[in-house]
Structure formats: C-alpha cells, structure tokens
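The values are calculated or read from the model by the stated rules, or taken from the named source; none is laboratory data. What you see is a predicted model; the values in this text were computed from it and never measured. Reconstructed Cβ throughout: ideal geometry from the backbone, glycine too, with neighbour counts over all protein chains shown.
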C-alpha cells in the first residue's frame, strides 16, 4: 500500500506546476470575455447603450471611485452585510450544532431548513419592513435570514462527519457543553463552517442588495437601481464591477482565514 501511494504521488503533477497554467487559463478567459463584450458593444445588435463599450464603463468606474459620496453608500452596504453575516452566521452555527448533535432535532426540523432554504427570501421583505422599519434594520434582517440556512445546513452536516473518537475523548475528560463546542466541534468541522460562511456571504450580499433596491435611499443597491432607472448603463455596470471585486476579495479573505484543504 505504501509503495502504491508513492507511485501515485510520483505520477501526480506537483501543485506548483499547475499554478502557471491555471493563471494563464484565467487570463485567457477574462480577455476573451472582454473582447466579446467590446465586439457586442460596437456591433449594434442590441439596443443602444444596453451593452456599453469598455471605455465608457471604465470612465464611469473612474467617476464612481472618484466620488466621495460613493464611499458613504459603500459603508452603508458594508455595515449591513457584516452585521447580517454576524447575526445569521452565529445563529446558523448554533442551530447547525444542535441539529447535528441530536438525531431527534435533526429528524424534526432539518427537513424544514432544506425546504425553506431555496425559497426566495425577498418574499419576506414586507414582513421585515413591518418588524424593523424602512431603515437599515430590514436590510440586515434580509441578509441574516438569507445566510442563516446555508450556514446551519453546512454545520449540521459537518457535525455528523466528526470522528466519534474525538467526541469520546472530550466526554472522557468531562468537558462541558461550551468546551465541547469550542475544543472539539468547531475545530473538527473547520472546513464545513468556512464553506457555509462563504456561501452565506454570497446570499447575504444578494439579500441585502435586493432589499436596498426595493426601499432605500442609500447603499450600493440603491445606486444600482437608480442608475438603471435613469438608463445610465455604464454607471450601473461600474457599480456591479465594484461589487464583484469586493465579493471576490471577501470570499478570498474567508478562504485564507479558514485555510484550504490539502490537495485543493
């Protein structure tokens, strides 16, 4: 078995050897998308300005980043997403641990989470407005509800993958519930928790931005829907680019904090 493992390892390409081809492929795909976008913009196949040219988007992006007022809207959206992820994340971890630790609770409630998870959370927004008002509270609630489900389900699945030996060791040392959670459960299911947070960040962003587009006078979602209503397509696309870059950065930060599985 050891000899077979060495042969497999010897036949596998080094991880570093794949870095350059992967980066090259990514660059090629990005360049191809940009070229196709520019060709579509100048082709006239679509209604004028629906697909603005790359220079027009770049100019709008420069104006957006040069406007001090933009950063006030960015701070508003960032605050709402961070608080929503904190509330939904903590709630999701707690519920996931309870479901994963109790077969009775899992059978009684976990199927409900699977049913409610894919439901578009925007249908709850009128309720959020009645409960939390038209300010930041309803947007935070939308983001928290959105990210709760993937985090809770990932943590519950991670709980069932913990090595029973670790649990028996904790109980043999008479660890209390808090010690079991912090010393056994969370370290053992680090990757499911981080994966849940990464998915939760994405849906919290979507939920918060959707809420901002419906009823708000501040935030990036408000700027996007305002640009759309004025048919300022370069401005709208520039805002979407900013959101895309920030989402990638936040996702990479969570991945770096949580580490990567060996071999990925």
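Exactly one residue out of 234, 187 is over 14 Å from the mean Cα position of the chain (by Cα) and farther than 30 Å from residue 47 by Cα, and it is 187. Which count do you get for residues in the range 39-67 that are assigned to a helix (DSSP H, G or I) and closer than 20 Å to residue 244 by Cα? So the count comes out to 13.
Cβ separations smaller than 6 Å between residues 6+ apart or across chains give the following pairs from the range 204-224 residues that are outside any helix (DSSP H, G or I) to residues that are surrounded by fewer than 24 Cβ atoms within 10 Å (Cβ to Cβ): 215/134; 216/222; 218/73; 218/76; 219/73; 219/76. Here is a check on your reading of the model: is residue 35 modelled with pLDDT under 85 and outside the structural domain of residue 201 (by TED's automatic domain parsing)? Answer is no for this residue. For the structure I just gave you, tell me whether residue 253 is modelled with pLDDT under 90 and closer than 30 Å to residue 46 by Cα. Here the answer is no, as residue 253 does not meet what is asked.
Just one residue in the set 105, 99 is surrounded by fewer than 23 Cβ atoms within 10 Å (Cβ to Cβ) and in contact with a helix residue (DSSP H, G or I) (Cβ under 6 Å, 6 or more places away or on another chain); that residue is 105.
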